[in-house]
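**Q** Have a look at this one before I ask anything.
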Amino acid sequence: MNRLLRDWKALLALALLLIIGTLAALAPFICRIPPNQMQVERMLPPQGKWWLGTDIWGRDIFSRICYGGRTSLLVGVASAGSGLAVGGLVGILAGVMAGRMWDTLLMRLMDFLLSFPPLVLAIIAVAFVGSSLPVLILVIAAMYAPQFARVAYNSTRSVKERDFIVAAEAIGASSPRIVSRAILPNIVAPLVVQFSLSVGHAILVEAGLSFVGLGPAPPIVSWGQMIRQAVGYLSLGYFPVIWPSLFISLTILALNVLGDALRDSLDPALRT
Amino acid sequence: MTSYFVKRVVAGITSLFAVSFCIFFLIHLLPGNPAYAVLGGRQGVPTAEQVAIVTEKLGLDRPILVQYGRWLWRILHLDLGESYIQNVSLSQEIPKRLSRTMELVLPALIIGTSMGILLGVLSATRRGRVPDFMLTVLSLVGYSIPVFVVGAGLVIVFALQMKLVPTSGYVRLSTGLGPFLRAHILPVVALSLAPMATTLRMTRSCTLETLGSDYIRTARAKGLREGIVVAKHALRSALPPIVTMIGLLAGRMIGGSIIVESLFNWPGLGVYTLQAVGTHDYPVIQAVALVVAVFFVSVNVLVDLACGWLDPRIAYE
């Protein structure tokens, strides 16, 4: 942890995420103009009460950025979180009960799911079940659960062979106790790393889906959707495209930097 | 080697069958009778008679395994079925769309991965120095920025500001080489940035790992030139994981191409899929999923074979 605090890139990333997170969380209090309210003042550059200008329909871009951040961060955290919960559980269980059959079955399935292009999977899923916020979160969670399962499974397997687990078994500790007291603390680190990277990936998938028009429908605002709506009017002005592009790129960049730093500090063996 | 080759190809074909089975059943998980979807495009509420006729025509009253068998039989005869909405044969439409998509994906894959390997080796051999730092930043930025942001940025700079290339649209080769290249360059560059960044990162860490090993020291001690040490000794053994990565990237780029096509109004497979999703044209989605799966599985078989060739130990196991 000390190493993490000394890493200025990670601190910068963390600060950036805190700012974006605050803007998103407190959007109703920060933004005085509702995100979907249209005005006569269209395609304004940043000025006066429009901090980041207005878009083609005269909506306040700053307000839309804040509310769009809510969608992106919610989808990112909720889907990576549910992926972590489900995948982690399956991975630990399979790791604890590890037998030849589980091993091959689970890993084959994971390899298969992991290898299929995520955006294509998401588009096919949305094609069949439609697109709403909960569906989107579920679909993305289902895509990332295998990665968590694999990480949890591999870590559990390697921890399980260690002497202190054998010792715990020898003194008659119950299985739930071994899992919660001996295994879990030792596999948290790789799961945390995986989580921080998955949030970024999930946001990327959500933005991609929103950009091609398969994300949550208006009145829900999202960054990908803002770019989609503005990109056709680039000849009239760049701001409505540039602002959401900047926020989305910075968010994912910060998450990746933080994920790398976490991996370096929590899991020295993986350092590159 | 031959048995490895056969095993990988058989494994590839097996997984194709598994995927085709999933794709087929996905359609059947849909609530309601597909006959309604077929009739839905025409006017009015379909009568029970119409539904019965279409159900029989589509063979929907047969057992599910029989339906799957018939579907598979048609696929194996390169008959992908027909769109619900447009009156076109998918066996003609899909290849046409696919070739336009591949005009973006293949050059982007080749440019992205070769640049990535080149820069990755450069970065590893200059470890800790300025070029390494700059390339590390480049790769981090490259795989963090969404492809549509890269694309929009390229459009702003090169199409709207400098007016060097058109903002969007497809141009075929028969129109002339100049316009063809100008139309292709932005989408290809946009699509190649992410694979370049990922390959760069992977190559850097793999090369660093092998550069630290004993046989590299031996090779240097023998007095080999550094270029040969890096290219023939270090890179060769670093390649299998990189090639595996490239296989995954090829799949991701299909996803990326959907976004790029949407941004550049490119009439390829991606835009076609998006239209089909919008109109609930399930046969199209089914066919596209199948084509993507075939592409993806073949790439992975090729990757496995390449790895077996690069590192004979893999084939031996």
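**Q** Rounded to the nearest 0.05, what FRET efficiency do B:GLU56 and B:LYS7 give with R0 = 51 Å and r taken as the Cβ-Cβ distance? Could you check? Please report the intermediate quantities before stating the final value.
**A** On the way: r = 43 Å, r/R0 = 0.85.
E between B:GLU56 and B:LYS7, to the nearest 0.05, is 0.75.
**Q** Picking from A:PHE29, A:HIS201, A:PHE239, whose Cα lies most toward the positive end of the charge dipole for chain A (charges on Cβ: Lys, Arg +1; Asp, Glu -1)?
**A** A:PHE29
**Q** Right, next: Compute the distance from the alpha-carbon center of the stretch A:71-98 to that of the stretch B:198-218, in whole Å.
**A** Between the Cα centres of the stretch A:71-98 and the stretch B:198-218 lies a distance of 33 Å.
**Q** Would you mind classifying the protein assembly as shown by shape? Square roots of the alpha carbon gyration tensor eigenvalues, ordered a ≥ b ≥ c; an a/c under 1.5 is rounded, otherwise it is prolate if a/b is larger than b/c and oblate if not. Before the final figure, lay out the partial values.
**A** Numbers: a/c = 1.31, a/b = 1.13, b/c = 1.16.
The shape class here is rounded.
**Q** Right, something else. Assuming 0.36 nm per residue, please report the length gained on full extension of the stretch B:ALA48 to B:LEU78 beyond their Cα-Cα distance.
**A** Separation in residues times 0.36 nm, less the Cα-Cα distance, equals 7.5 nm.
**Q** So, counting K/R as plus one and D/E as minus one, what does the shell of residues with Cβ under 12 Å around B:ARG204 add up to? Could you put the intermediate results ahead of the total?
**A** Working: positive: B:ARG126, B:ARG127, B:ARG201; negative: B:ASP132, B:GLU209.
Combined, the nearby Lys, Arg, Asp and Glu give +1.
**Q** Around A:GLY215, what is the net charge, scoring Lys/Arg as +1 and Asp/Glu as -1 over all other residues with Cβ under 13 Å from its Cβ?
**A** Numbers: positive: A:ARG228; negative: A:GLU206.
So the surrounding residues net to 0.
**Q** Next question. Can you list the lysines whose alpha carbon sits under 30 Å from that of B:LYS7, skipping same-chain ones fewer than 8 residues off?
**A** Answer for B:LYS7, where 30 Å is the Cα cut-off: B:LYS232, listed by chain and number.
**Q** Next up: What is the calculated FRET efficiency for B:SER99 to B:ILE228, with r their C-beta to C-beta distance and R₀ = 41 Å, to the nearest 0.05? Please list the in-between numbers first.
**A** Values: r = 40 Å, r/R0 = 0.98.
Working from the Cβ atoms, E equals 0.55.
**Q** Can you give the FRET efficiency to the nearest 0.05 for B:MET134 and A:LEU246, using r as the Cβ-Cβ distance and R₀ = 22 Å?
**A** Details: r = 21 Å, r/R0 = 0.97.
Result of the calculation: an efficiency of 0.55.
**Q** For the stretch B:263-295 and the stretch B:125-191, write down the distance between their C-alpha centroids in whole Å.
**A** Cα centroid to Cα centroid, the span is 24 Å.
**Q** I would also like to ask the following. Fewest first, what order do A:THR54, B:THR47 take by the number of other Cβ atoms within 10 Å? The partial results should precede the final answer.
**A** Values: A:THR54 27, B:THR47 10.
In increasing order of surrounding Cβ atoms, one gets B:THR47, A:THR54.
**Q** Taking chain A as the reference, fit the longest principal axis to its C-alpha atoms, fit the long axis of helix A:184-211 to the helix C-alpha atoms, and give the angle between the two in degrees, 0 to 90, nearest 10.
**A** Once rounded, the angle reads 30 degrees.
**Q** Quick one: if you stick a label point 7 Å off each Cα along the C-beta vector at B:ARG70 and A:VAL192, how many nm between them?
**A** With each label placed 7 Å out from Cα toward Cβ, I get 5.8 nm.
**Q** Related question: Excluding residues on the same chain fewer than 8 positions from B:LYS57, give the aspartates and glutamates whose Cα lies under 17 Å from its Cα.
**A** Partners found: B:GLU49, B:ASP79, B:GLU82.
**Q** Under the definition of Cα pairs under 8 Å and six or more residues apart, what whole-number percent is the relative contact order of the stretch B:167-317?
**A** Details: 111 pairs, mean separation 39.8, N = 151.
With pairs under 8 Å counted, the relative contact order is 26 percent.
**Q** Next question, about the same structure. Note down the relative contact order for chain B as a percent, whole number, built from C-alpha pairs under 8 angstrom at least six residues apart.
**A** Values: 341 pairs, mean separation 83.8, N = 317.
Relative CO of chain B lands at 26 percent.
**Q** Where does the charge balance sit around B:TYR68 when Lys and Arg score +1, Asp and Glu -1, over other residues with C-beta under 14 Å from its C-beta? Don't jump to the answer; show the numbers that get you there.
**A** Details: positive: B:ARG62, B:ARG70, B:ARG74; negative: none.
Net charge in that neighbourhood comes out at +3.
Bear in mind that the values in this text are calculations on the coordinates, not laboratory data. Being a predicted model, the structure only gives us computed values, none of them experimental. FYI the Cβ positions are ideal-geometry reconstructions off the backbone, even for glycines, and counts take in every protein chain you see.
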